[in-house]
Each structure stands twice: as C-alpha cells, then as structure tokens.
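Have a look at the structure below, then the notes.
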Amino acid sequence: MLLKKMQQYWMSILKNKKIFMRNYYICKIFAMILIVLIVFTGCGQNRITEKEEKKETVESEMNAEVKKQRKLFGLFI
C-alpha cells in the first residue's frame, strides 16, 4: 500500500518535471527569438540615424555653397 502511494507520488513528480522541462525549453526558445528581434531592430535604428546624419551634413554643405554663391553674385552686381 505504502509502496504504491510512493510510486504514484514519484510518478506525479516525474510527470510534472517533464511538463516543466517542456515549458522551460519553449520559454527559452521564445526568449532567444525576442532577443534576436530586439538586436536586429536596434541595428536598423542605428542605420537609419546614420543615414539621417549623412543627409544633414550634405544639406548643410549645400547650404554653405549656396551662401558663398550668393555673396559672390552680390559682389558682381
């Protein structure tokens, strides 16, 4: 009688362990996927900001050239 109860007890523990381990691996895979997505979206944001910075420097250089041309044109008139 006691042996049967102990067997049932240990079987329930082993069954719960299997369920726990399966859930653990599912959560681990899900966490890895989230980390990869976060890293890649972060890299994408860095690329966007770099492009915007390059665009701003090009625009400021163009504005400087236009100002120089206006000054030169104003001197000739």
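All conditions in (1) surrounded by 10 or more Cβ atoms within 10 Å (Cβ to Cβ); (2) modelled with pLDDT of 70 or more hold for K5, with the sole exception of (1). Every condition in (1) modelled with pLDDT of 70 or more; (2) surrounded by fewer than 10 Cβ atoms within 10 Å (Cβ to Cβ); (3) not basic (K, R) is met by G74 except one, and the failing one is (1). Under the condition of being at pLDDT 85 or above and basic (K, R), the residues counted in segment 13-42 number 1.
The values are calculated or read from the model by the stated rules, or taken from the named source; none is laboratory data. Being a predicted model, the structure only gives us computed values, none of them experimental. Using ideal geometry, Cβ is built from the backbone for each residue, glycine included, and neighbour counts are taken over all protein chains shown.
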